[in-house]
Each structure stands twice: as C-alpha cells, then as structure tokens.
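The values are calculated or read from the model by the stated rules, or taken from the named source; none is laboratory data. Since we're looking at a predicted model, the values are computed, not measured. For neighbour counting, all protein chains shown are included, and Cβ atoms are generated from backbone atoms with ideal geometry for every residue, glycine included. Accessible surface is based on the protein model in full, side chains and every heavy atom, while ligands, DNA and RNA are left aside. Shrake-Rupley method; radii C 1.70, N 1.55, O 1.52, S 1.80 Å.
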Amino acid sequence: MKRALITGATGQDGAYLARLLLAKGYDVTGAIRRNSQPEMVRLEKLGIARELRTVDFDLSEPNNITRLIRGNAFDEVYNLAAQSFVGSSWEQPVYVADVNGVGVVRLLDAIRTYTPQTRFYQASTSEMFGLVRVLPQDEQTPFHPRSPYGVAKVYGHHITVNYRESFGLHASSGILFNHESPLRGTEFVTRKITVGLARFARGDHAAVELGNLNAKRDWGFAGDYVEGMWRMLQQESADDYVLATGVTTSIREFAGFAAEALGLDLEWSGADETEQAVDRRSGKVAVRVNPAFYRPAEVDLLVGNAAKARARLGWEPKVDVRALAAMMARADYDECGQ
Ligand code: NAP
Ligand code: GDD
C-alpha cells in the first residue's frame, strides 16, 4: 500500500485528491492547519473525513514539517497548502510569501534530508504568467506575476525545479489553470456567482456584486485536475506540466452560463462601474459591478496549452465551462433549498 501526504487536505483540491488516492488504495495522511475549529466540511461532503489519518501541520513551522517527514516514509507528498485567494494577498504579502513561497523549501529540504526517495508535487499556478504576452500559455511561457500570491508561487515553482536539478529529487510542478467545483471557496468568483444566483433564483433578490467582469479565465473542473497531479507522480522522471482546458471565458459569460442553468435570463446594460444585469423574468437586478472588488493589478486573460500533459500523461479535462457552471449552480440551488 502506497503512503501519501496531502498538505492542504481541507481545501477544494485536497478533498478531491484524498478521495482519488483512497479509491486507489493509498494510505492517506491529511496535513491540517490548526484552526479554532477543524475545517472538515469538504472531506465530510465527499464522505471521506474518517478515512484518512490527519496530522496538525503548518507550512510556516519548520519543526513541525521536519518531524512529520522524518517520522514517516511517504511515497508521495502533494503540497497543496497555500493562502490561495489572490485578492487578499495584497493585504498579507509577507505571510503569503512565507507560506506559499518559503513553505515549499521547508518541505523540500526536509524531504531531501530525510526521505529523498519521496515523490513531490508542487501546486503551481497560471497566476504566475500574470501579464501574458503569449497565447496560449505553456511550460515555456515566461512568468510575470501580478500579485503577491503570484510572486510567492513563482518562488515555489523555481525552488521545486532547483531541488530536482540540484539533488535529483522526483519533484514535479503542476502549473494548473483555474479549476472549480461545488467545493470551491465562496470568495472565488465562480462560486460567488453560483451561490449568489442560486439564492436569487430561490427568491432572495439581492444582486451579486462583482468587480472586473472583463477578466478571462481558463476554467476546468477540480476533479479532473487532481487526476493530472497523481499522473505526474507516476512518471519515471519528474517534470513540469500545464493543466488547462484551452478555452477562455469572461466573468460575464460565466455568470450567463450559471444563470441559464438556474432558469434566469440576464440582460446586460451599462459599462464599467455602471454595468449590471437584469433578470428579464423577475425584472430585478441580479448582477452589478462594485469597484470595491477591483484588484490593484489584474490578470486580464489566461488560456492554457496542455499539449504536454495530454501527450505524456494521457490527461484530458472532461468537463467544459458551461457544464461546470451548471454543475456548481445546481449544487448551490439544492443547498439553498435545504
Ligand atoms: P484552497 O481550497 O484555498 O485550500 C488551501 C488549503 O491550504 C486549505 O486546506 C488551507 O487550510 C491550507 N493552508 C492555508 N494556509 C496554510 C498554512 N499556513 N499551513 C498549512 N496549510 C495551510 O485551495 P485549492 O483551490 O484547493 O488549491 C490548492 C492549491 O493549488 C493551492 O496551493 C493553490 O494555490 C493552488 N492552485 C489552485 C488553483 C485553483 O484554481 N483552485 C489553480 C492553481 C493552483 P485551511 O482549511 O485551514 O484554510
Ligand atoms: N474573487 C473575485 N470576486 N474575483 C472577481 C470578482 C469578485 O467579486 N469580480 C471579478 N473578479 C475577477 C478577478 O478580478 C479575477 O480577474 C477573476 O475574477 C478570477 O478571480 P478568482 O476567482 O478570485 O480567481 P483567481 O484567478 O484570482 O485565482 C484563482 O486561480 C489561480 C489560478 O490561475 C485561485 O484559485 C488561485 O489560487 C489560483 O492560483
């Protein structure tokens, strides 16, 4: 039986990855940050909260990391833990650098010292491309991060490559484009839209307030992406891979897909700060712009080229953006009704 450690096991990806590895017969340890209350909701929703062992863990605490790695011979370590909300990274830039950047080398160095045979996955991100000059983005595209989050993740990516090249570790970096699900945090734009519009469809006619509607993202389904992470660690040699759908969609269009799945009919009017969408059926404003949600620097457009992952890992995304929006909107509609 293989032994895997997942940091960030309480997060969206951690929950789906834990389910995947358990189904494959792994012995799974979930490394969980100490909070006033353990955040087990996602693992509970997937019905696996009792199936994995859990350990207290914080990426900012080197002693904790060293003890955990030294005391266990994990076959695979998936480093998914991070402060992952880009929007708040301007408010906590030093903490974000410590957790998302330096935290990676704490883990890698413990592995190098105590269990160099352990295979390592780093959760890198399309946010590293930032101000893009190349369409679509692949493993060779230069980085130009636009947020403290992205800057810290660039360090995490490069130190993963460096430990692979310096010490021969089987360390891979997955450069994943946005991936969502009904387990997505409600601060991220997709879930904010699907929760808000689901409530609206249930008769709570408060408009969903959003920032930049023109930004475009390459959105896939998180369940597909954790399969790609696992495949990276099954390769003979470690490498870096982009996972993406190759399709980019604006925030406005995503809201339209979610609305459509909920039986709402949005009519857009205005521009920039005065833009809004009225639901033709109720005549009420369902979406409006609130500049408070604009970011100090924006990533305007992401679209990925996952040809390498397709060719070498046999990885394909299975859920397109319209189906993804519908999946999330319907799940939120059902949840609102409970
Ligand atoms: P998420 O839902 O926000 O989960 C993040 C996890 O990290 C949570 O379990 C959180 O614990 C944990 N964490 C935060 N700070 C920590 C710390 N100091 N020490 C230990 N654990 C800590 O994020 P996700 O969407 O699953 O993303 C997983 C990873 O992939 C992240 O590294 C993210 O940056 C990266 N990524 C995500 C996407 C995407 O579109 N989802 C795309 C590219 C890369 P709590 O429950 O205690 O908060
Ligand atoms: N969160 C949020 N809230 N974003 C909004 C809003 C809003 O009200 N209105 C517009 N947006 C825009 C943001 O400005 C951004 O351009 C886009 O929607 C997506 O924002 P998020 O959903 O917060 O995701 P992200 O792209 O910034 O970051 C996510 O994807 C990265 C991969 O590219 C996170 O999961 C990161 O952890 C991940 O690395």
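Observations on the model:
- Unmet criterion (only one of (1) part of a loop (DSSP other than H, G, I, E, B); (2) in the same structural domain as residue 24 (by TED's automatic domain parsing)) for residue 206: (2)
- Any hit, the stretch 252-270, residues being within 16 Å of ligand 1 (Cβ to nearest atom), open to solvent by less than 20 Å² (accessible area, probe 1.4 Å) and not in a strand (DSSP E or B): yes
- The requirement of being surrounded by 18 or more Cβ atoms within 10 Å (Cβ to Cβ) and within 12 Å of ligand 2 (Cβ to nearest atom) is fulfilled nowhere in the stretch 228-239; no residue meets it.
- Any strands (runs of 3 or more DSSP E) falling wholly within the stretch 15-83 and containing at least 1 residues that are away from ligand 1 (no atom under 15 Å from the Cβ) and open to solvent by less than 40 Å² (accessible area, probe 1.4 Å): 27-32, 76-79
- Complete set of residues in the stretch 1-14 that are part of a helix (DSSP H, G or I) and either out of contact with any helix residue (DSSP H, G or I) (no Cβ under 9 Å at 6 or more places or on another chain) or farther than 24 Å from residue 95 by Cβ (or both): none
- If the condition is being open to solvent by less than 10 Å² (accessible area, probe 1.4 Å), more than 26 Å from residue 298 (Cβ to Cβ) and more than 20 Å from the chain's Cα centre (by Cα), then the stretch 170-199 contributes only 198.
- Number of the exception - residue 167 against (1) surrounded by 21 or more Cβ atoms within 10 Å (Cβ to Cβ); (2) under 23 Å from residue 72 (Cα atoms): (1)
- Of all residues making up the stretch 186-241, the number that are of a type in the set (A, V, I, L, M) and in contact with a Ser or Thr (Cβ under 8 Å, 6 or more places away or on another chain): 7
- Within the stretch 122-163, restricting attention to residues that are away from ligand 2 (no atom under 13 Å from the Cβ) and of a type in the set (D, E, K, R), the residue that is surrounded by the fewest Cβ atoms within 10 Å (Cβ to Cβ) is 133.
- If only residues of the stretch 192-215 that are more than 8 Å from ligand 2 (Cβ to nearest atom) and charged (D, E, K, R) are counted, the one that is farthest from residue 243 (Cα to Cα) is 204.
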